[in-house]
Amino acid sequence: MEQKKIIAILGAGESGVGAAYLAQQQGYDVFVSDFGAIADNYKKQLQDWNIRFEENQHTEAEILNAIEVIKSPGIPEKAPIIKKLRAQGTPVISEIEFAGRYTDAKIIGITGSNGKTTTTTLTYEILKHAGLNVGLAGNIGQSFAYQVATEKFDIYVLELSSFMLDDMYKFRVNIAMLLNITPDHLDRYEYKMENYAASKFRISQNQTADDVFIYCADDPETIKGIAGRSFAAQLFPFSIENTVEQGAFLDQDNIVINTHQEYFTMSIHDLALQGKHNLYNSMASGVAAKYLEIRNPILRESMSSIKPIEHRMESVAVISGISFINDSKATNVNSTWYALESMTSDVILILGGVDKGNDYTMLRSLVKQKVKAIVCLGKDNKRIHDAFEDIVEVIVNTHSAQEAATVSYHLATKGDTVLLSPACASFDLFKNYEDRGRQFKQAVKEL
């Protein structure tokens, strides 16, 4: 009897466990290894499926014996086990790369430093509303691998991070979107912007003349990256600064989308998702939808009715004329810049957390213009004080979501906005950005 080929999977989160299920279904002998603890729900799934796993360690003999290794996007190249696998020439791939081998569905892939989740969700909702048989995966929802194993979708909309793209080699994205490239996660890219940008551009690496590459013509790093590369796919730019021949642009207060088929126009005031950053997100989704020949009334309905995403510029409440907004998903400076940029009132800004070497200078002019007080929510707020104390009169330190909400409420007056847009990761005081956002929402409800 032929011995089954061994596949090792590193990391037992959503993507790892999904990959394990698909690999087992495809006849591989599967071994799952997590250097940390495995969450109970994932452990139960692996047990139910009789898949071998270990936690809090990597048994090298098992892993180095595999013909291929599927790794979680969170594991960096410098991890010792990855270095050993690379040294012996074992292929190390992402769950997306692996799952892509077993589906012939059309793939829409979305990457960028900011706006991925919103654009992915909006694109998915438009296609679903149009009656297409569509799945949603990647950095969002159920893993792509698990859906490939259990569903039969015609189209997938995938949110792809740079870490996922790094481990993708043959995977082909039919409709690729690159929303923007701004400094984020540079610690994983030798602190070189061009390395991070190269990662994002991998989304277009296997495209053919039948495919489409949708990008922001207003983003300097994207334009710089395009200049040095050649593309097999058709290019569709979107811009709010200039008119484009094909793609999307702004004509006074109307979005205009022009793909090969037909024109679509819609007033920006009718969009459910407001703010400059969402204008870009809506344009990118709209270009993909029109390329797929989604009818105008359906596109218009979807774009005017989509619900904002939790923790992303989410309105929480209005109390005594003060608006509270939860933008906990803003884990980098650029996200916070977009949030502030869309504000039309005076702001009490809640900032702070784990700082990934943030450069706050890009926020200074907006902070000077719109922010009347900063409430720090983090263990170490020194860099925030250093960055803003000469332009903001009041900077207060708080150590819980409840304290931050209460202090902000007392600093605000009628007509102001309290904006939780931290520009930092949340791991110093919270489990993750969702936990931070939910604790903030709870605290606002208790005011």
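Sketch the reach of a paramagnetic label on residue 39 as a point 7 Å from Cα along Cα-to-Cβ, and name the residues of segment 305-330 whose backbone nitrogen lies under 20 Å away. Label zone hits: 309-312, 328-330.
Probing with 1.4 Å while keeping every protein chain in the model, the per residue accessible area of segment 144-286 equals 41 Å². The figure for residue 400 is an accessible area of roughly 40 square angstrom, using a 1.4 Å probe on the protein chains alone. For trypsin sites (Lys or Arg not before Pro), the sites in segment 224-333 that DSSP calls loop and that have at most 14 other Cβ atoms within 10 Å are 229, 295. The separation of segment 236-253 from segment 81-116, counted between C-alpha centres, amounts to 32 Å. According to the calculation over all Cα-Cα pairs in segment 253-302, the P(r) per 10 Å bin from zero is 27, 61, 12 %.
Extent along the principal axes, Cα only, for segment 227-349: 51, 38, 25 Å, with the longest axis given first.
The alpha carbons of the chain stretch over 76, 52, 39 Å along the principal axes, in descending order.
Backbone N atoms of segment 13-37 closer than 20 Å to the 7 Å Cα→Cβ label point of residue 57 belong to residues 13, 30-37. Approximating the spin labels as points 7 Å out from Cα along Cα→Cβ, the residue 364-to-residue 65 distance works out to 5.9 nm. Only Lys, Arg, Asp and Glu carry charge here, each on its Cβ (+1 for the first two, -1 for the last two); on that basis the chain has a dipole of about 260 debye about its Cα centre. Taking the charge dipole of the chain about its Cα centre, with +1 at Lys and Arg Cβ atoms and -1 at Asp and Glu Cβ atoms, the residue from 447, 337, 204 reaching farthest to the positive side is 204.
Alpha-carbon geometry of segment 1-102: the Rg and the Dmax are 12.5, 38 Å, given in that order. Each Cα pair under 8 Å and six or more residues apart adds its separation to the average, and for the chain the resulting relative contact order is 11 percent. For the listed residue pairs 5/356; 116/224; 307/370; 152/431; 84/379; 307/379, the alpha carbons are over 30 angstrom apart in 5/356; 152/431; 84/379; 307/379. Peptide packing for 16-23, 162-169, 140-147 was compared via the average number of neighbouring C-beta atoms within 10 Å per residue; ordered from the highest value, the list is 16-23, 140-147, 162-169. With protein chains left intact and a 1.4 Å probe, residues in segment 49-129 average 40 Å² of accessible area per residue.
The peptide list 423-436, 234-247, put in order of mean Cβ contacts within 10 Å with the highest first, becomes 423-436, 234-247. PRE reach from residue 102 (point 7 Å along Cα→Cβ): which of segment 4-18 fall under 11 Å by backbone N? From segment 4-18, the list is 18. In summary, the aspartates and glutamates within cross-link reach of residue 128, defined as a Cα separation below 17 angstrom excluding same-chain residues under 8 places away, comprise 151, 154, 159, 293, 301. With contacts taken as Cα pairs under 8 Å at a separation of at least 6 residues, segment 1-152 carries a relative contact order of 26 percent. Taking the 1.4 Å solvent-accessible surface of segment 352-414 as the whole, the part contributed by carbon and sulfur is 50%. Diffusion coefficient (Stokes-Einstein, Kirkwood radius over C-alpha pairs, 20 °C, 1.002 mPa s) for segment 279-353: 147 µm²/s, rounded to a whole number.
Shape index of segment 311-415: Rg/Rh, with Rg the Cα radius of gyration and Rh the Kirkwood radius from the inverse mean 1/r over Cα pairs, equals 0.91.
Subtracting the Cα-Cα distance of residue 276 and residue 428 from their residue separation scaled by 0.36 nm leaves 51.7 nm.
Working ranking of peptides 43-56, 123-136 by packing, defined as the average number of other Cβ atoms within 10 Å per residue, highest first, is 123-136, 43-56. Relative contact order of segment 308-354, taken over Cα pairs closer than 8 Å and 6 or more residues apart, is 26 percent.
DSSP finds beta bridges in the chain, and of those with both partners inside it, around 20 percent are antiparallel. When shorter helices are ignored and each DSSP H run of at least 4 residues is given -39500 (n - 2.57), the per-residue value for the chain at 222 nm works out to -10000 deg cm²/dmol.
The values are calculated or read from the model by the stated rules, or taken from the named source; none is laboratory data. Small disclaimer: the values here were computed from a predicted structure and weren't measured. When we count neighbours, we look across all protein chains shown, and the Cβ atoms used for this are built from the backbone with ideal geometry, even at glycine. Keep in mind that these areas ignore ligands, DNA and RNA; they rest on the heavy atoms of the full protein, side chains included. Shrake-Rupley method; radii C 1.70, N 1.55, O 1.52, S 1.80 Å.
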